[in-house]
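First up is the structure itself, then whatever we jot down about it.
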Amino acid sequence: MANLVSKTVIEKLAARIPNVIWLFQLFGTDQQCALAARRLKTLDPKYYAILYKNELEMVYYFIEPVMTNIIKNVQMNLGREFDEIYNIIKREYYV
């Protein structure tokens, strides 16, 4: 009887573990998005405000590696014109 109960408990737990792991991954991704948005807020408050107004600041996490370099180039006056920015992106990211 005890063996049957143990087996049942193990089966129930095994069925729920993937959901728990998925939940932790979701919280982790959400935290990473929030941290990326916070970094953007200090790097370029105007761009952050635009994304925040449109409720897109958390999406910045996915484009952060590319956008961080672009923002820094623009801030150092390396890319003031659209064509200059386009050429920088094309050269560095092969797009």
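Here is how the numbers come out for the structure above:
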| item | result |
| --- | --- |
| Estimated FRET transfer efficiency (MET67, GLN31; beta-carbon r; R0 30 Å; 0.05) | 0.95 |
| Per residue accessible area in Å² of the chain, where ligands, DNA and RNA are left out and the probe is 1.4 Å | 83 |
| Net dipole in debye of the chain [+1 Lys, Arg Cβ; -1 Asp, Glu Cβ; about Cα centre; nearest 20] | 300 |
| Computed E for ALA15/THR42 - FRET, C-beta separation, R0 41 angstrom, nearest 0.05 | 0.40 |
| Of all accessible heavy-atom area on the chain, the percent that carbon and sulfur account for (1.4 Å) | 63 |
| Axial C-alpha extent at least 18 Å, average Kyte-Doolittle at least -0.5 - helices from the chain (DSSP) | 2-43, 60-75 |
| Dipole of the chain, positive direction: furthest Cα of ILE70, LEU23, ASN54, with charges on the beta-carbon | LEU23 |
| Cα gyration tensor category, rounded, prolate or oblate, for the chain with a/c compared to 1.5 | prolate |
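The values are calculated or read from the model by the stated rules, or taken from the named source; none is laboratory data. Since the structure is predicted, the reported quantities are computational estimates derived from the model, not experimental observations. Please note: Cβ atoms are built from the backbone with ideal geometry, for glycine as well, and neighbour counts cover all protein chains shown. Surface accessibility is based on the protein's heavy atoms, side chains included, excluding ligands, DNA and RNA. Shrake-Rupley method; radii C 1.70, N 1.55, O 1.52, S 1.80 Å.
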